Amino acid sequence: MDVSTAVFAVSYSGTPITGTRALQKERQLNQFLAEVERRALRIAEIGVRNRADALDLVQDAMIKLVHNYSERGQEEWAPLFYRILQNGVRDWHRRQAVRNRVMVWFGRKGSDYNDYDAVAAAPDPIGRTPDEELSNSEAMQHLEAAVHDLPRRQREAFMLRTFEGLDVAGTAVAMGCSQGSVKTHYSRAVHSLREQLEEHRPEGYGPGEGSR
């Protein structure tokens, strides 16, 4: 299954839609989902480092948005969707923590990460092409590890602001916190990443600062 399949599934997950206004709403919602699907997958992959689980989380977030918030205004969909997605990532980590504790009792370490390079697929802030980005794969591997190791709230703020491009207000809604908290988490994430990655940073690359 790919993410496009998730959008298709959302279209047929509810009751039949009739009426011109309702059909227009459905088209708008499906267009929104199509626009965010790949960026949402990148965020989920960075959060859980498992492509199959990330796909499931994105599809689940899409279905929940349709079922619970489809009647909200279009300007509310992005913050609501990413809040649902982040909640899904948190729940995934809770389940993994329980699983890992159980596996310790059986003498195993619960690490089921695959080798998919999630961050290398993320949008490049200075517009390099995929071929050009290959030369920076080592730096991107370090970035992936560093972003994943950030405290949870810092990781969420950084990914939503930098990868998804949400403004401070939208990020606050998605994270369920104040705008001041978003600025604090984002600033700490940027400073932490810069300290960790300075020696690996390709020329011209670096997390942006400031807020909109």
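Please treat every number below as a calculation from the coordinates, not as lab data. The structure presented is a predicted model; accordingly, all values stated were derived computationally and were not measured. Here Cβ is always computed from backbone atoms with ideal geometry, including for glycine, and neighbour counts include all displayed protein chains.
Details
- Förster radius 25 Å - calculated FRET efficiency between R72 and E35, Cβ distance, rounded to 0.05: 0.90
- Vicinal HN-Hα couplings computed from phi for the range 184-189 (Karplus, 6.51 cos²θ - 1.76 cosθ + 1.60; Hz; Gly/Pro x): 5, 4, 5, 4, 5, 4
- Note on H93 and T184: their simple-model spin labels are 1.7 nm apart, each label 7 Å out from Cα toward Cβ.
- Two-site FRET efficiency, R21 against A169, from Cβ-Cβ distance with R₀ of 25 Å, rounded to 0.05: 0.35
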